[in-house]
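The values are calculated or read from the model by the stated rules, or taken from the named source; none is laboratory data. Treat the numbers as computed from the prediction; the structure is a model and nothing was measured. With ideal geometry, Cβ positions are generated from the backbone for all residues, glycine too; neighbour counts draw on all protein chains shown. What goes into the accessible areas is simple: the full protein's heavy atoms, side chains included, and nothing from ligands, DNA or RNA. Shrake-Rupley method; radii C 1.70, N 1.55, O 1.52, S 1.80 Å.
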Amino acid sequence: MQACRSSLSLVGRRWKSGLTTNRKKVVASAEEATNDILPGASLLVGGFGLTGVPENLIRGVVATGADDLKVVSSNVGTAERGLGLLFQTKQISKMTGSYVGENEIFEQQFLNGEIEVELMPMGTLAEKMRAAGAGVPAFFTRTGVGTLVQHGGMPMRYSTDGSRNVIKTSTPRMAGLFKPPLAPPDAKPTEYILEQAMSGDFALVKAWKADPEGNLVYRMTSRNHNPAVATAGRITIAEVEEIVPLGSLDPNEIHTPGIYVDRVVQGDRIGVIERLTLASKKFTVDGSRETIARRAALELVDGDYVNLGIGIPTLVSNYVPEKVEITLQSENGMLGVGPFPSSGSEDCDLINAGKQTVTALDGASYFSADQSFAMIRGAHCQLTILGSMQVSMHGDMSNYLIPGKLVKGMGGAMDLVASGSRVVVTMEHCDKHGNSKILPSCTLPLTGKGVVDTIITEKAVFKVLPDLNGLQLIEVGKGETVDTIREVTEAPFTVSDDVKPMRESRLPRHSMMSPEY
C-alpha cells in the first residue's frame, strides 16, 4: 500500500508540472526530418489532390536521393506538385493509390513499364491504414465484390518493350458471407472480401498546427487521409504550418494525439489550388449535359444525404428542385458542401472530391477520409450519382480503367456503389465514336456488379429491374422515339406501359453553385 501511495505522489507531481518527457520531436528542417529515409523504404503520404499534401517533406525526400521507394497515397499529385516531384526524379518504384488521373508523368511511367502500380478503392485504402494503426491485421468489406479487386487480374505492371503487354496482375481476395451490420434482422448474408492492413516505414503528413508533443490540428478538408496515415507509420513525420507552445492547443480540438507522431517540422505554407472554381451567376452547360443534370435532379429527395461524382453529377446540384433540401457529402471529408466561392474568397484547404474550390454551408462538418468512407460503407448516404463509361443491362458499371490506354483509378466509386445506397448513373448515351454505352455486358473492368438502379442519358431514362434481369425504358427524351432509342442502345430493354416524355427540374429558387445559395 505504501508503494502505491508513492507512485500516486510521483504521478501527481508530474501532472502539476505539465507533460515533461525527454522526447525531442521538433526538428529544424524537412531535410533533417527525412534524412534517414533510405532506398527501398515504404512511405505512406497524406493528402487529397494537392490539399493537405506534405510537400516540404516530399522535397526533403527528393533531396535524400533515395530510390526504389514504395509509396502509398490516395492521389499521385500533378506532374509539377506533390508526389509528382518524386516521379520527376524517378525515385518511386511502386505506387499504391486510388485516383491517379492528374499526373501525366506517372501515367507514362506506368504504361511504359517503369513502375509497378496497385490501384485500390479509396475507402479500402483509408481503412487499411486505419486498421494498421489500430493493430487490426485484416477486415472484410463489400467494396470491390464482383470486380478485379476480388477476382484478381488488375494490371499492375506493363512490359518495357512498348507493346503494353501486362506482365504482372493483382491477386484474388479471400471471400466470406456475412450479414451487413446495419441491415434488418431478416437480411440475408452477402459476400464480403478480405483486405489486409497496410503500414509503412515512414508516414508523412501535413497538419495546420502542432505543439512540441506532436499533437496535431488539421484545417478544413486538408485533414483528408492525414489522420489515418499518421497512425500507420513506424516513424511518423508531421509537416505543420505553425508550432505553438505546449498547452496552447485545446485538448478538445486535437485531431491526432502526439502518441502517433515522432517528428514535427514547421514548413512554409504551400497554398496550391488544383482546380480554382468560382461562382458565376451565368452558369452555362453543354445542352445534352444540362438535360441529363436537370433530369437527374428529380431523383433528389428532401432530407437526403447525397454524394455526387465528378462531371455531370456535380452539375446536378445546380438544379435542386423547389422545396427539396439535401446535404452533400464529399468523400475527402466534408458534409454540407456549399457553392463555389466568389473571387477572392477561395481557400486552398476547402475543396470537394473533384478538387474544386467550394464553401461550407451552415451546419457543415469536416472529418477524416476514413470516417467519410465509414459513412459511405455504413449506408448513411441515401443517394449516389456517378458518371460511367459503360453500364450493362444487369446494372453493372465500368468507369475507371481502359487497360493499356487510360489510367484514372476508381477513387471512391467502388466504395460508393457497394454501400447499398441507391445508385443513379448519368452519362451521354453514346461515346465519341457513336457507340452505345449501354450494353448487354460491360467490356471494361467493373466498378460494381449489379449496383445501378437508374440510368439517365440525354435520350432516355432506364430502370434496372433485377427481377426481370434487364432494363425498362421509363422516359423518352425530347425528339426521340422508342425506335430511335433502340437504334442507339446495344442492350435489349422492355418498355414501360406508362412510358413518359423525359421530365426535368425547372431552375430552382437558388442554385447550389451560385453566390446566392
task: Averaging sequence separations of C-alpha pairs under 8 Å and six or more residues apart, then dividing by the length of the chain, give the relative contact order as a whole percent.
output: 14
- line: Simple spin-label estimate for ALA63/ASP467, 7 Å along Cα→Cβ, in nm, reads 6.7
- request: Select one label from [x] 18, 37, 30, 13, 1; [y] 17, 36, 27, 16, 4, 0; [z] 22, 52, 22, 3, 0: the one whose number is P(r) over Cα pairs in 20 Å bins from 0, in percent as derived from the coordinates shown.
  value: [z]
query: Amide H to amide H under 5 Å from ALA207: which residues, 5+ apart in sequence or cross-chain, H placed 1.01 Å off N in plane?
result: GLU239, VAL240, GLU241
3J(HN,Hα) from dihedral phi, the stretch 85-91, Karplus parametrisation 6.51/-1.76/1.60, rounded to Hz, x for glycine, proline: 5, 7, 6, 4, 8, 6, 8
query: So, by mean Cβ neighbours within 10 angstrom, what's the order for 267-280, 478-491, 115-128 with the highest one leading?
result: 115-128, 267-280, 478-491
- prompt: Long-range amide H contacts for GLY338: which residues qualify at under 5 Å (H placed 1.01 Å from N, peptide plane, sequence gap of 5 or more or a different chain)?
  reply: THR359, ALA360, LEU361
- line: Taking the chain and counting helices only, DSSP H stretches of n ≥ 4 at -39,500 (n - 2.57) each over all residues, the nearest-500 ellipticity at 222 nm comes to -5000 deg cm²/dmol
field: Whether the stretch 383-430 is rounded, prolate or oblate, judged on the alpha carbon gyration tensor where a/c under 1.5 counts as rounded
entry: oblate
task: Would you please name the GluC sites (Glu not before Pro) within the stretch 315-387 that are DSSP coil residues with at most 15 other C-beta atoms within 10 Å of their C-beta?
output: GLU322, GLU325
message: Once you place label points 7 Å from the Cα toward the Cβ at GLN108 and VAL482, how far apart are they in nm?
response: 5.3
task: Would you mind checking which residues have amide H under 5 Å from VAL100's amide H? H placed 1.01 Å from N; only 5 or more apart, or other chain.
output: GLY409
- prompt: For the stretch 227-337, rounded, prolate or oblate, judged on the Cα gyration tensor with a ≥ b ≥ c (square roots of eigenvalues), a/c < 1.5 rounded, else prolate if a/b > b/c?
  reply: prolate
message: Sorting check: for 79-85, 456-462, which peptide has the highest mean count of neighbouring beta carbons within 10 Å, and how do the rest follow?
response: 456-462, 79-85
task: Would you mind telling me the antiparallel percentage of the DSSP bridges in the stretch 270-374, rounded to 5?
output: 65
- prompt: Residue by residue, what Karplus-based ³J(HN,Hα) values in Hz, rounded to whole numbers, does the stretch 195-200 have, using 6.51, -1.76 and 1.60 with θ = phi - 60° and x for Gly and Pro?
  reply: 10, 9, 4, 9, 10, x
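Report the full-extension gain for the segment SER159 to SER441: residue separation times 0.36 nm, less the Cα-Cα distance, to one decimal in nm.
So the chain would gain 98.6 nm between SER159 and SER441.
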task: Evaluate E = 1/(1 + (r/R0)^6) for THR190 and ALA138, where r is the Cβ-Cβ distance and R0 equals 22 Å; express this FRET efficiency to the nearest 0.05.
output: 0.75
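Looking at the stretch 214-352, send over the antiparallel percent of its DSSP beta bridges, to the nearest 5.
Of all bridge pairs located within the stretch 214-352, approximately 35 percent are antiparallel.
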- prompt: Quick one: if the Förster radius is 35 Å, what FRET efficiency do THR171 and SER288 give, using the C-beta to C-beta distance and rounding to 0.05?
  reply: 0.30
Accessible-area composition of the chain, carbon plus sulfur, in percent [1.4 Å probe]: 51
task: Round to the nearest 0.05 the FRET efficiency obtained for ARG275 and GLU242 when R0 = 30 Å and r is the Cβ-Cβ distance.
output: 0.70
- request: Report ³J(HN,Hα) in whole Hz for each residue of the stretch 493-502, in order, from the Karplus equation J = 6.51 cos²θ - 1.76 cosθ + 1.60 where θ = phi - 60°; Gly and Pro get x.
  value: 7, 9, 10, 4, 5, 10, 4, 10, x, 5
message: For the chain, what does the accessible surface come to per residue with a 1.4 Å probe? Please give it in Å².
response: 43
task: Let me have the relative contact order for the stretch 321-424, percent, based on Cα pairs under 8 Å that are six or more residues apart.
output: 23
